[in-house]
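The structure appears right after this line, and notes come after that.
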Amino acid sequence: MNPIQTDIDAMVAELVRRSRAAQLIAQGYDQSRIDEIVTAAGWAIMAPARNRELAELAVSDTGIGNVQDKIRKNHRKTFGLLRDLQGAKSVGVIAEDHATGLTEIARPVGVVCAITPSTNPAATPANKIINALKGRNAVIVAPSPKGWATSQRLLEFIHAQFDLIGAPRDLVQLLPAPVSKASTLSLMQQCDLVVATGSQANVRAAYASGTPAFGVGAGNVAGIVDETADLALACDRIVRSKTFDNATSCSSENSLVLLDAIRSASIAALCERGAILLNAAEKAQLQGAMWPNGKLSQAVIGQSAKVVAERAGLTTIAARNPTILLIEEDSVGPAHPFSGEKLCPVLAIYGAADFEQAMSVVEHIYAFQGAGHSVGLHSANPDRALQLGLRLPVARVIVDQAHCIATGGSFDNGLPFSLSMGCGTWGKNNFSDNMNYRHYLNITRISRPIPERQPSQQEIFGTYFHKFGQT
C-alpha cells in the first residue's frame, strides 16, 4: 500500500477512535442532556459576535458570497433548526401505536462523516453537527479546503460551549488540514454514515465509499411567473432570492419562465429593481467570461452582479451597479450554458405562450440539469402548483415565496430548516426530504401481537374479479 495513504488512514482511524469513545458516552445521555448539547452547539454559531466573525472569515477565505447575508444565513438556518428540534424526541421511545402494536425506539447511527461545501463553511457544518448531536451521534466534519479555517473556528466555538456544560469535545471533530480527496475518502470509509453536501463529485464519492450515505442533487432551479401573478410581489421575491449571498445557494433561481402575457412587464419590473437585460453581444461576451473552457469559472462564483460584469469586461453595465444580469435564452443543453447552474446573480429568461408550454420548458431544463430539486411558482391560481407537483421531476414546489429563502425551511412555511435538500431518484439521491435529524437515527421497532384482521378474498379481489373475471 502507498505509505502516504497508510499514514492518512492511520490519522483518520485515530479521529474515528476518539469519536467512538465520545459517542459511547453520549449514548448514555437522556433527552434533556442531549438537548443541552444541541443548544450549546447552536449558540456557538448564533452568538452575534461569533456569527459575524465566522461570516467575515468565510468571505475572506473563500471569496464567495457577502458578509451580511452569511450572518443572516448562519442565524436564520440555525435558529430555525433549533425551533424544529425543540421538543422532538430522539432518545428512547419516540412513538407508540397501540392499534398496530408498534413501539419505536431511537438509536444513534454512530460516527457521522459530514462533507461540507465552500459556499457555506459555517452554516452547513453547524446544521449537520446539530442534527447529528440530536441523535446522540459523534460527527467529524470534512470541509472544502477553502472553507477549512472557518469550520475550524466554528469547532473552536462549539468546544468552548461544550467545556462550559461539561460535554466531550470529541463529539465534534474536524478533518485536519490540508484536506484532500484521499483523507476525505478515508473518513467516508471509516465512519458509519456519510452526509454529503456540495459538488456532485463529492456526492458520487460518498455513494461509492461503501458506507451508507445521504447526498444531495445538483441545483438549477427554474421559476415560473404566470399571467395571474402579482408582478410587483413576484419580482420582489425573485430579486431577494437571486441576490441573497450572491446566489451561492443551490436554491437560487437560475432560469425564469415568463408567460408571454406578462413577459415584458415582468422584465420591466425586474429592471426597476436593479436588474439589467443584456443584449446579444453582451450576452456572448459574458458567456465567454463565465465558461472560458467550457467549465464555470471560479472568478464569477459567489460574486455580485457588478463584479461579474466587471470581470466579463462589461464596464458600462458594471458602472450601473446591477442587482442581477438578465439573459434572454430559448434553448437548453451544453451548447447553451446559461440554461445550467450559474452560482452568481445571472438569470436566464425564457418565454412561454401558456402555462402548458412553461411546464414543458422547465421539463427540458431539468432534463439537462437540476432534476429533483425544486421549482418556483408565482401565481394566483392554486391549481397550478398541483399541476407542477404532479408533472415535474421535483421534490418541492415553492409557491409565492423567495425561493432560496423558502426551500430550506422558513418561519412562514412548513418545510424543515435544512441546508441539504434531497432530490429523490430524479437527482440520483436516495431521499427527497429536507435533511433533518431523523436521517441521523436508527429506529428499532418493537412489534406486539394485536387482534388478527385477515381480509376475505372478496375484499381484496372483488372489484378486480367483477371487472375482469376470474380467469
(request) For residues that are over 19 Å from GLN31 (Cβ atoms) and among the hydroxyl-bearing types (Ser, Thr, Tyr), scanning just segment 85-131, find the one that is surrounded by the most Cβ atoms within 10 Å (Cβ to Cβ). (result) THR116
(request) Sort out which residues of segment 15-34 are aliphatic (A, V, I, L, M), surrounded by 16 or more Cβ atoms within 10 Å (Cβ to Cβ) and out of contact with any Lys or Arg (no Cβ under 7 Å at 6 or more places or on another chain), and write them in order of number. (result) LEU15, VAL16, ALA22
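Go through GLY333, GLY372 for me and flag whichever is touching a Phe, Trp or Tyr at 6+ places or on another chain (Cβ under 6 Å), without any contact (Cβ under 8 Å) to a residue 40 or more places away in the chain and among the small types (Gly, Ala, Ser).
Numbers: GLY372 fails: without any contact (Cβ under 8 Å) to a residue 40 or more places away in the chain.
Answer to the selection: GLY333.
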(message) For segment 1-32, give me each residue that is acidic (Asp, Glu) and touching a residue at least 60 places away in the same chain (Cβ under 8 Å).
(response) ASP9, ASP30
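State the number of residues belonging to segment 322-336 that are under 26 Å from THR62 (Cα atoms) and either of a type in the set (Asp, Glu) or part of a loop (DSSP other than H, G, I, E, B) (or both). Full working, then the answer.
Restricting attention to segment 322-336, the residues satisfying the condition of being under 26 Å from THR62 (Cα atoms) are 322-326.
With the extra rule that they be either of a type in the set (Asp, Glu) or part of a loop (DSSP other than H, G, I, E, B) (or both), the set shrinks to 322-324.
The total comes to 3.
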(request) Taking the options ASP69, ASP84, ASP35, name whichever one is part of a helix (DSSP H, G or I) and touching a Pro at 6+ places or on another chain (Cβ under 8 Å). (result) ASP84
(request) Working only within segment 95-123, note down all residues that are among the β-branched types (Val, Ile, Thr) and either assigned to a loop (DSSP other than H, G, I, E, B) or out of contact with any Ser or Thr (no Cβ under 6 Å at 6 or more places or on another chain) (or both). (result) THR100, THR103, VAL109, VAL112, ILE115, THR116, THR119
(message) Show me the helices (runs of 4 or more DSSP H) entirely contained within segment 337-421 in which 3 or more residues are under 15 Å from the mean Cα position of the chain (by Cα) and closer than 26 Å to ASP84 by Cβ.
(response) 403-406
(message) Take residues that are buried (at least 22 other Cβ atoms within 10 Å of the Cβ) and at pLDDT 95 or above and tell me which of the helices (runs of 4 or more DSSP H) falling wholly in segment 135-228 contain 3 or more.
(response) 148-165, 181-190
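So is LEU102 in contact with a helix residue (DSSP H, G or I) (Cβ under 8 Å, 6 or more places away or on another chain), modelled with pLDDT of 95 or more and either β-branched (Val, Ile, Thr) or more than 12 Å from LEU441 (Cβ to Cβ) (or both) or not?
On the way: in contact with a helix residue (DSSP H, G or I) (Cβ under 8 Å, 6 or more places away or on another chain): no; modelled with pLDDT of 95 or more: yes; either β-branched (Val, Ile, Thr) or more than 12 Å from LEU441 (Cβ to Cβ) (or both): yes.
Here the answer is no, as LEU102 does not meet what is asked.
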(request) Being part of a loop (DSSP other than H, G, I, E, B) and of a type in the set (A, V, I, L, M, F, W, C) is the filter; apply it to segment 278-317 and report the residue that is surrounded by the fewest Cβ atoms within 10 Å (Cβ to Cβ). (result) ALA299
(request) Considering only residues that are in contact with a helix residue (DSSP H, G or I) (Cβ under 6 Å, 6 or more places away or on another chain) and of a type in the set (D, E, K, R), look in segment 252-277 and name the one that is surrounded by the fewest Cβ atoms within 10 Å (Cβ to Cβ). (result) ARG273
(request) Consider only pairs whose beta carbons are under 6 Å apart and that are at least six residues apart or on different chains; among these, list those whose first residue lies in segment 33-45 and is assigned by TED's automatic domain parsing to the domain that holds GLY166 and whose second residue is surrounded by fewer than 20 Cβ atoms within 10 Å (Cβ to Cβ) and among the β-branched types (Val, Ile, Thr). (result) GLU36/ILE165; ALA40/ILE165
(message) All but one of (1) among the acidic types (Asp, Glu); (2) within 22 Å of ALA402 (Cα to Cα); (3) free of Cβ contacts under 8 Å to residues at least 60 places away in the same chain hold for ASP230; state the number of the condition that does not hold.
(response) (3)
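The values are calculated or read from the model by the stated rules, or taken from the named source; none is laboratory data. On a predicted model such as this, the values are computed, not experimentally measured, just so you know. So basically every Cβ, Gly included, is an ideal-geometry build from the backbone, and we count neighbours across all protein chains shown.
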